[in-house]
Amino acid sequence: DAKTTQPPSMDCAEGRAANLPCNHSTISGNEYVYWYRQIHSQGPQYIIHGLKNNETNEMASLIITEDRKSSTLILPHATLRDTAVYYCIDYNQGGKLIFGQGTELSVKP
Amino acid sequence: GAGVSQSPSNKVTEKGKDVELRCDPISGHTALYWYRQRLGQGLEFLIYFQGNSAPDKSGLPSDRFSAERTGESVSTLTIQRTQQEDSAVYLCASSLQHDNEQFFGPGTRLTVL
(Lines give C-alpha, C1' and ligand atoms only; values in the text may rest on other atoms or scores of the structure.)
Protein backbone atom coordinates (compact mmCIF):
# COMPACT_ATOMS: atom_id res chain seq x y z
CA ASP A 1 0.00 0.00 0.00
CA ALA A 2 1.06 3.56 -0.66
CA LYS A 3 2.67 5.37 2.23
CA THR A 4 1.96 8.93 1.13
CA THR A 5 -1.27 10.92 1.29
CA GLN A 6 -2.40 13.57 -1.17
CA PRO A 7 -5.58 15.53 -1.79
CA PRO A 8 -7.65 13.77 -4.45
CA SER A 9 -8.07 16.81 -6.68
CA MET A 10 -7.02 20.42 -7.20
CA ASP A 11 -7.75 23.18 -9.67
CA CYS A 12 -5.32 25.80 -10.93
CA ALA A 13 -5.73 28.74 -13.29
CA GLU A 14 -3.58 28.69 -16.41
CA GLY A 15 -0.40 30.73 -15.95
CA ARG A 16 -0.57 30.58 -12.16
CA ALA A 17 1.62 28.46 -9.91
CA ALA A 18 0.28 25.04 -8.97
CA ASN A 19 1.31 23.89 -5.51
CA LEU A 20 0.67 20.21 -4.87
CA PRO A 21 1.09 18.98 -1.29
CA CYS A 22 2.05 15.53 -0.08
CA ASN A 23 2.32 14.01 3.39
CA HIS A 24 5.12 11.53 4.06
CA SER A 25 4.22 10.54 7.61
CA THR A 26 6.20 7.28 7.60
CA ILE A 27 9.14 8.14 5.35
CA SER A 28 12.38 6.49 6.45
CA GLY A 29 15.87 7.93 6.40
CA ASN A 30 16.98 6.14 3.24
CA GLU A 31 13.88 6.97 1.20
CA TYR A 32 13.78 9.75 -1.37
CA VAL A 33 10.74 11.84 -2.28
CA TYR A 34 9.84 11.19 -5.92
CA TRP A 35 7.15 12.86 -8.00
CA TYR A 36 5.61 11.44 -11.16
CA ARG A 37 2.62 12.50 -13.20
CA GLN A 38 0.31 10.66 -15.54
CA ILE A 39 -1.44 12.46 -18.34
CA HIS A 40 -4.62 10.76 -19.48
CA SER A 41 -4.00 7.59 -21.51
CA GLN A 42 -0.22 7.87 -21.21
CA GLY A 43 2.39 6.16 -19.07
CA PRO A 44 3.65 7.94 -15.94
CA GLN A 45 6.34 10.57 -16.42
CA TYR A 46 9.14 11.30 -13.96
CA ILE A 47 9.17 14.90 -12.72
CA ILE A 48 11.66 15.40 -9.91
CA HIS A 49 13.08 13.86 -6.76
CA GLY A 50 14.94 14.90 -3.63
CA LEU A 51 16.20 13.66 -0.29
CA LYS A 52 16.49 16.61 2.11
CA ASN A 53 17.22 19.71 0.10
CA ASN A 54 14.87 21.61 -2.15
CA GLU A 55 15.33 20.80 -5.81
CA THR A 56 14.54 22.53 -9.10
CA ASN A 57 14.65 21.37 -12.68
CA GLU A 58 13.15 22.47 -15.96
CA MET A 59 9.77 21.00 -15.08
CA ALA A 60 9.17 21.89 -11.46
CA SER A 61 10.47 22.74 -8.01
CA LEU A 62 10.33 20.47 -4.98
CA ILE A 63 10.14 21.78 -1.44
CA ILE A 64 10.78 19.27 1.37
CA THR A 65 10.20 20.27 4.99
CA GLU A 66 13.05 19.92 7.43
CA ASP A 67 11.44 16.94 9.17
CA ARG A 68 10.74 15.41 5.71
CA LYS A 69 7.16 14.66 6.70
CA SER A 70 5.74 16.75 3.90
CA SER A 71 6.67 18.01 0.46
CA THR A 72 5.24 20.38 -2.11
CA LEU A 73 5.61 20.12 -5.86
CA ILE A 74 5.48 23.51 -7.55
CA LEU A 75 4.68 24.03 -11.22
CA PRO A 76 5.58 27.71 -11.52
CA HIS A 77 3.43 28.61 -14.53
CA ALA A 78 0.84 25.91 -15.10
CA THR A 79 -0.39 25.28 -18.64
CA LEU A 80 -3.34 23.28 -19.90
CA ARG A 81 -0.90 20.47 -20.77
CA ASP A 82 -0.06 20.11 -17.09
CA THR A 83 -3.51 18.66 -16.43
CA ALA A 84 -2.72 15.19 -15.08
CA VAL A 85 -2.69 12.98 -12.01
CA TYR A 86 0.34 13.76 -9.85
CA TYR A 87 1.87 11.12 -7.59
CA CYS A 88 4.33 11.55 -4.74
CA ILE A 89 6.21 8.43 -3.71
CA ASP A 90 8.59 7.47 -0.90
CA TYR A 91 11.26 5.55 -2.78
CA ASN A 92 14.38 3.81 -1.50
CA GLN A 93 15.90 3.83 -4.97
CA GLY A 94 15.67 0.15 -5.60
CA GLY A 95 12.92 -1.85 -7.24
CA LYS A 96 9.28 -1.07 -7.38
CA LEU A 97 7.50 2.25 -7.20
CA ILE A 98 4.37 2.16 -5.06
CA PHE A 99 1.79 4.56 -6.45
CA GLY A 100 -1.09 5.89 -4.37
CA GLN A 101 -4.22 7.52 -5.73
CA GLY A 102 -2.45 10.81 -6.48
CA THR A 103 -3.85 14.31 -6.98
CA GLU A 104 -5.85 15.03 -10.10
CA LEU A 105 -4.77 18.51 -11.16
CA SER A 106 -7.06 20.39 -13.52
CA VAL A 107 -5.56 23.48 -15.13
CA LYS A 108 -8.31 25.75 -16.33
CA PRO A 109 -8.13 28.61 -18.86
CA GLY B 1 16.37 9.40 -28.39
CA ALA B 2 14.02 6.43 -28.43
CA GLY B 3 12.02 5.83 -25.31
CA VAL B 4 10.50 2.66 -23.93
CA SER B 5 8.30 0.97 -26.49
CA GLN B 6 5.60 -1.63 -25.97
CA SER B 7 3.64 -3.83 -28.31
CA PRO B 8 0.91 -4.34 -29.10
CA SER B 9 -0.69 -1.06 -28.08
CA ASN B 10 -4.05 -2.80 -27.80
CA LYS B 11 -4.93 -6.46 -27.40
CA VAL B 12 -8.39 -7.98 -27.29
CA THR B 13 -8.56 -11.65 -26.41
CA GLU B 14 -11.07 -14.24 -25.32
CA LYS B 15 -11.20 -15.61 -21.82
CA GLY B 16 -8.94 -18.64 -21.48
CA LYS B 17 -6.46 -17.63 -24.19
CA ASP B 18 -2.79 -16.91 -23.55
CA VAL B 19 -1.30 -13.49 -24.38
CA GLU B 20 2.23 -12.16 -24.70
CA LEU B 21 3.08 -8.50 -24.17
CA ARG B 22 6.42 -7.10 -25.28
CA CYS B 23 8.58 -4.33 -23.87
CA ASP B 24 11.66 -2.79 -25.45
CA PRO B 25 13.52 -0.75 -22.83
CA ILE B 26 15.76 2.23 -23.46
CA SER B 27 19.12 0.99 -24.73
CA GLY B 28 21.64 0.62 -21.94
CA HIS B 29 19.07 0.53 -19.15
CA THR B 30 19.86 -2.35 -16.83
CA ALA B 31 16.61 -2.35 -14.85
CA LEU B 32 13.17 -3.19 -16.25
CA TYR B 33 9.81 -3.14 -14.49
CA TRP B 34 6.26 -4.28 -15.27
CA TYR B 35 3.20 -2.65 -13.71
CA ARG B 36 -0.53 -3.08 -14.19
CA GLN B 37 -3.16 -0.33 -14.08
CA ARG B 38 -6.82 -1.24 -13.93
CA LEU B 39 -9.36 1.32 -15.11
CA GLY B 40 -9.50 4.27 -12.72
CA GLN B 41 -6.94 2.73 -10.39
CA GLY B 42 -3.31 3.36 -9.50
CA LEU B 43 -0.35 1.32 -10.72
CA GLU B 44 0.32 -2.12 -9.29
CA PHE B 45 3.87 -3.47 -9.36
CA LEU B 46 4.21 -6.87 -11.02
CA ILE B 47 7.88 -7.79 -11.56
CA TYR B 48 11.34 -6.22 -11.68
CA PHE B 49 14.53 -7.28 -13.49
CA GLN B 50 17.95 -5.91 -12.59
CA GLY B 51 20.88 -7.07 -14.68
CA ASN B 52 21.65 -10.73 -14.15
CA SER B 53 20.12 -10.87 -10.68
CA ALA B 54 17.09 -13.02 -9.95
CA PRO B 55 13.95 -11.00 -10.73
CA ASP B 56 11.69 -9.68 -7.99
CA LYS B 57 8.42 -11.46 -8.75
CA SER B 58 6.65 -10.40 -5.58
CA GLY B 59 3.91 -8.51 -7.41
CA LEU B 60 2.76 -11.23 -9.79
CA PRO B 61 -0.89 -11.89 -8.86
CA SER B 62 -0.98 -15.59 -9.75
CA ASP B 63 1.01 -18.36 -11.39
CA ARG B 64 -0.75 -17.54 -14.65
CA PHE B 65 1.57 -14.54 -14.92
CA SER B 66 5.22 -14.86 -15.90
CA ALA B 67 7.88 -12.67 -17.46
CA GLU B 68 11.23 -13.13 -19.08
CA ARG B 69 14.00 -10.80 -20.04
CA THR B 70 16.82 -11.57 -22.45
CA GLY B 71 20.00 -10.03 -21.10
CA GLU B 72 19.47 -6.30 -20.79
CA SER B 73 17.09 -6.02 -23.70
CA VAL B 74 13.54 -6.97 -24.53
CA SER B 75 11.13 -8.41 -21.98
CA THR B 76 7.97 -10.43 -22.49
CA LEU B 77 5.09 -10.62 -20.01
CA THR B 78 2.95 -13.72 -20.53
CA ILE B 79 -0.51 -14.23 -19.12
CA GLN B 80 -1.87 -17.76 -19.45
CA ARG B 81 -5.56 -18.67 -19.44
CA THR B 82 -6.62 -15.03 -19.32
CA GLN B 83 -9.54 -14.00 -17.11
CA GLN B 84 -11.75 -10.93 -17.36
CA GLU B 85 -10.13 -9.44 -14.26
CA ASP B 86 -6.83 -9.37 -16.18
CA SER B 87 -8.21 -6.54 -18.31
CA ALA B 88 -5.98 -3.54 -17.66
CA VAL B 89 -3.22 -1.40 -19.11
CA TYR B 90 0.13 -3.14 -18.69
CA LEU B 91 2.99 -0.66 -18.35
CA CYS B 92 6.69 -1.30 -18.72
CA ALA B 93 9.42 0.96 -17.38
CA SER B 94 13.20 0.95 -17.50
CA SER B 95 15.94 2.74 -15.62
CA LEU B 96 19.67 3.18 -16.13
CA GLN B 97 20.45 1.56 -12.81
CA HIS B 98 18.08 0.25 -10.18
CA ASP B 99 18.34 3.49 -8.24
CA ASN B 100 17.54 5.92 -11.04
CA GLU B 101 14.25 7.35 -12.19
CA GLN B 102 12.05 5.03 -14.19
CA PHE B 103 10.97 5.86 -17.73
CA PHE B 104 7.63 4.41 -18.75
CA GLY B 105 6.34 3.14 -22.05
CA PRO B 106 2.88 3.94 -23.42
CA GLY B 107 1.42 0.66 -22.18
CA THR B 108 -0.55 -2.19 -23.70
CA ARG B 109 -4.29 -2.09 -23.16
CA LEU B 110 -5.51 -5.65 -22.65
CA THR B 111 -9.19 -6.45 -22.89
CA VAL B 112 -10.36 -9.96 -22.02
CA LEU B 113 -13.84 -10.71 -23.28
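The values are calculated or read from the model by the stated rules, or taken from the named source; none is laboratory data. Small disclaimer: the values here were computed from a predicted structure and weren't measured. Here Cβ is always computed from backbone atoms with ideal geometry, including for glycine, and neighbour counts include all displayed protein chains. With ligands, DNA and RNA removed, areas are computed over all heavy atoms of the protein, side chains included. Shrake-Rupley method; radii C 1.70, N 1.55, O 1.52, S 1.80 Å.
If you go through segment A:86-106 and keep only what is more than 9 Å from chain B (Cβ to nearest Cβ) and either in a loop (DSSP other than H, G, I, E, B) or open to solvent by 10 Å² or more (accessible area, probe 1.4 Å) (or both), you end up with A:Asp90, A:Glu104, A:Ser106.
Note on segment B:62-90: residues that are part of a loop (DSSP other than H, G, I, E, B), of a type in the set (Gly, Ala, Ser) and either over 15 Å from B:Gln37 (Cα atoms) or open to solvent by 70 Å² or more (accessible area, probe 1.4 Å) (or both) total 3.
Answer with yes or no whether B:Gly28 is within 12 Å of another protein chain (Cβ to nearest Cβ) and either within 20 Å of B:Val4 (Cα to Cα) or out of contact with any Cys (no Cβ under 7 Å at 6 or more places or on another chain) (or both). Criteria not met by B:Gly28. For the list (1) within 19 Å of B:Pro106 (Cβ to Cβ); (2) part of a loop (DSSP other than H, G, I, E, B), I need the number of the one condition that B:Lys17 fails. (1) is the only condition that B:Lys17 fails. Among the residues here, B:Ser58 does not qualify as more than 14 Å from the chain's Cα centre (by Cα), within 14 Å of B:Arg36 (Cα to Cα) and open to solvent by 20 Å² or more (accessible area, probe 1.4 Å).
Can we say B:Tyr48 is among the aromatic types (Phe, Trp, Tyr) and open to solvent by less than 20 Å² (accessible area, probe 1.4 Å)?
Numbers: among the aromatic types (Phe, Trp, Tyr): yes; open to solvent by less than 20 Å² (accessible area, probe 1.4 Å): no.
Here the answer is no, as B:Tyr48 does not meet what is asked.
Residue pairs whose Cβ atoms lie under 7 Å apart, separated by 6 or more positions or on different chains, with the first residue in segment A:1-26 and modelled with pLDDT of 95 or more and the second among the acidic types (Asp, Glu), are A:Pro8/A:Glu104; A:Ser9/A:Glu104; A:Ala18/A:Asp82.
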